[in-house]
1. Could you please find all residues in the range A:3-22 being more than 7 Å from chain B (Cβ to nearest Cβ) and either more than 19 Å from the chain's Cα centre (by Cα) or more than 15 Å from A:Leu54 (Cβ to Cβ) (or both)?
2. Could you identify the single residue in B:Glu217, B:Glu202 that is within 14 Å of chain A (Cβ to nearest Cβ) and among the charged types (D, E, K, R)?
3. When you scan the range A:69-94, how many residues do you find that are surrounded by 18 or more Cβ atoms within 10 Å (Cβ to Cβ) and touching a residue at least 24 places away in the same chain (Cβ under 8 Å)?
4. Looking at the range B:34-80, which of the residues that are out of contact with any Pro (no Cβ under 9 Å at 6 or more places or on another chain) and of a type in the set (S, T, N, Q) is farthest from the other protein chains (Cβ to nearest Cβ)?
5. Just to be sure I understand, how many residues within the range A:40-67 are near ligand 1 (Cβ under 7 Å from one of its atoms) and assigned to a loop (DSSP other than H, G, I, E, B)?
6. For the range B:627-636, which residues satisfy the criterion of being at the interface with chain A (Cβ under 10 Å from one of its Cβ atoms) and crowded, with 24+ Cβ neighbours inside 10 Å?
7. Being touching a residue at least 60 places away in the same chain (Cβ under 8 Å) and within 16 Å of ligand 2 (Cβ to nearest atom) is the filter here, so list the residues in the range A:43-59 that pass it.
Amino acid sequence: MSKVHVTTSVNGDEVEFLADPRETLLDCLRDHIGLTGSKEGCGTGDCGACSVTLDGTLVCSCLVLGVEADGKRVETIEGMADGAELHPLQRKFIEHAALQCGFCTPGILVAAKKLLETNPNPTEEEVRYWLAGNLCRCTGYDKIIRAVMDAAAELRQEAA
Amino acid sequence: MAKDEFKEFKLVGTRPDRPDGLDKVTGRARYGADISAPGMLWAAVLRSPHAHARIVKIDTSKAEALTGVKAVITRADFPTGLTGEDWNLQENTMAGERALYDGHAVAAVAATSKLRAEEAVRLIEVEYEVLPHVIDVDDAIKPDAPVIREGAADATVPEGMPPNVVRYMEFGRGDVEAGFAEADLVMEKTYKTEATHQGYIEPHACMGQLGADGKGEMWVCTQGQWFIRKMCTAVLGLETAQLRVTPSEIGGGFGGKTTIFMEPLSLALSKKAGGKPVKLVMSRSDVLRATGPTASASMDVKIGMKKDGTITGARAEFRMQGGAFPGSPVDMALYCAFAPYKLTNVEHVGYDVLANRPKCAAYRAPGSPMGAFAVESLLDEMCRELDVDPLDMRLKNAVREGDTASYGPKYGSIGLVETLEATKAHPNLSIPLGPNQGRGIAAGYWFNHNGETSVSMAISEDGTAQVSVGTPDIGGSRASIALMTAETLGIPYEDVRVNVVETGALGVNEPTHGSRATFASGKAAVIAAGHAITEMCKRAANEWGIDPEAVEWVDGAAQPAGDNAGKFPPMSIAEIAGKMGSTGGPISGHHESVPEGVGASFGCHVVDVEVDPETGRTTILRYLVVQDAGRAIHPAYVEGQYQGGAAQGIGWALNEAYIYGDDGRLQNTVFLDYRVPVASDLPMIDTVIVEVPNPGHPYGVRGVGETGITPPLPAIANAIQEATGARLCELPMSPPKVLAAIKAKGG
Ligand code: FES
Ligand code: FES
């Protein structure tokens, strides 16, 4: 199948690649652009390890075609820190030991960031339901939820 | 009692940031599928759609003719003449005469792109003769069951047993019948558990390269790079030392990544393609269909108990299928089943059974959760019947140091009594319950493990230290090993870098399994650091012109041991390291052994549930894990192990199961259908770290990874009985089954 030229912005950088029309955005990020921070845990939209935002919308990049990113803005885990400065969520995940193997972590961080942009003051239940599409097999979620709540509190304080 | 405030040590017991944290929150950490190489090819695998079928013919010509296809392999490309487990591994990697389960690999392709490899796989034509199959363990031992493999039984199987029984065991002591005769109550029940998958979020992935000269390299997500090396080379008929295996970061394993499934395929394809590197990444459905879930079990348990709760006799007969190959953990299940209890009359019988399912692999405390489900469920029912408090009953029968375990050995220092007492004292036990709510309690056991261990540490020119370990870091072991090394050397935690190294860098290491990494690699690192300290004391002694025996190591520096030794200011590690080139050369320490002194670990869980009487759905309201860690080196990651184990156990208890159709095909091959617990299914998971230090480890470590998955299965069944009056003896306790049980009770 002949490839399609895609021009997109990834983490603020202009990026071009050639995509087979059957390739997912996740494949394109990982195999064409070399951004392997987004993970494939299922390829069917069930685990959230591939979470990115596309024009600000949280998506499973395994369910989006690479060609659909043309002309859009993609944000991935690699763009989450501001240079050497970690996002509060990233810091809190380390501080709370909210990762064990760390494979789910990029997707959960991207999803949690979107949550806190949408709802800066979520309840525990809201965090649990927002992240219900992000599987973590290692932690039992306890420390993840605490880290997200703590990051939310810190961000609210900064904003105040 | 997580002793963060415990000040016996400077670093052990604190909670610093893990050394690999930054890489893992920024997406930089490189897992199995995250690496590529120049000229790399992509592989895809063709799998059997049948549970059991003779492979009549495989025609690969169309696939081979497709542009971009560089190699196609079938079993004909593997060496012949293997025996025993090597043959099993080879047969499981690629089917020979017969496909033995749905998902069994039959051919593989390497091509210039992933999509091209997948296209090529679809062009391979396989002619199958479908054979009768068997899935359920009890069906597999029926006289008319299809035979999976003639002659697979080992010498333990007595004459006349059904052909799918491949291993048999019986052991015990005392006289169980006399024990039952002594009892006020004897109960006997049958329990069943379905296979569940470890469900690590990272699918298996590797990149292998093998030349015509038999030299190869592999990058792979694994719990054990030396196991990968040994198994791949055995399956391919290579010399072991010629394969160099580098472990990637690993996205969870839970025992499932201690063996091989598809790794030799990448090497065989690479060789056929002229030595180009070949990347092979499983899909989630490949993982569920063709990697090792745990065994399914059918278990009879009979127990005798006195009115006061004393257990007078116990008998377990377990049947487990671990797929189409020998190796279900029925032995471990039996060893663990009665391990918490002091018994004079106990009998165990076990059958390892073949069925048309994928070859099982270890899953967190392999076997123990199933056995506990049966035994701890029955004990709970008996306590109800006799009106005995379940915690008091467990305390009354609890094993202590010096007792003989139900499976034979004598216990060293153990912390079961302390664990049960800490449970009893926990505030969760006095929270009142509402209607349709119930509280369940259960205990659990895991041996913990030592294993071949080789660790090197070296002092750098500036006095910082590097430690090379062979146990991949799955949940914070770099942090715990760095803490122990730094504590021993008397230097800051940040001054130690722990590297997980490739097979070329150390002697043989067993994988990170058996809850052994912090125990075994940690112990070896501490001993290695001790060797380096001895050497540094010697260097200082030489400079001072005194006897090395007269030098001691305090707070990261050499100093004369007392006034008689001479008066010299302490010489710091940095000072000694800075001039090592002129004082005798590099300073390092090394230790290799199968470390003695493993400390077993007991746990006790308390769960509060609410069951919806209309739907049968169970909600976990509260969850408490109490477990003896020996000592928690990094308490946050110990809690993490407790919480993660509990969550997997909750999934196993309530949702997870392999579901097969009548055709023998696995029906739930994606996470939507094989549903593991999600964040909204669970509450916070409370933990209590009991610390009864293990005298066999310099810092008291027992190992904490596995025990935690064992109690949830029975604890939840016990809670459901309290909430509904209905007793569930089969997993998973999914809403339809709970509802049916409530209805059957007339509830
Ligand atoms: S990989 Fe996209 S949701 Fe799992
Ligand atoms: S930390 Fe391993 S899957 Fe979440």
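1. A:Lys3, A:Val4, A:His5, A:Val6, A:Thr7, A:Asp13, A:Glu14, A:Glu16, A:Phe17, A:Leu18, A:Ala19, A:Pro21
2. B:Glu202
3. Looking only at that region, the number is 15.
4. Only one residue fits best here, namely B:Thr80.
5. Going through the range A:40-67, the residues near ligand 1 (Cβ under 7 Å from one of its atoms) turn out to be A:40-50, A:60-63.
Checking which are assigned to a loop (DSSP other than H, G, I, E, B) leaves us with A:40-50.
The number of residues fulfilling the criteria is 11.
6. B:His634, the sole residue that qualifies.
7. A:Asp46, A:Cys47, A:Gly48, A:Ala49, A:Ser51
Residue-by-condition table, conditions (1) farther than 27 Å from B:Gly39 by Cβ; (2) in contact with a helix residue (DSSP H, G or I) (Cβ under 6 Å, 6 or more places away or on another chain):
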residue	(1), (2)
A:Thr7	yes, no
A:Gly12	yes, no
A:Leu18	no, no
A:Ala49	yes, yes
A:Gly56	yes, no
A:Arg73	yes, no
A:Glu78	no, no
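The values are calculated or read from the model by the stated rules, or taken from the named source; none is laboratory data. Small disclaimer: the values here were computed from a predicted structure and weren't measured. Note: ideal-geometry Cβ built from the backbone for every residue, glycine included; neighbour counts use all protein chains shown. Side chains are part of the model used for accessible areas, which takes the heavy atoms of the whole protein and leaves out ligands, DNA and RNA. Shrake-Rupley method; radii C 1.70, N 1.55, O 1.52, S 1.80 Å.
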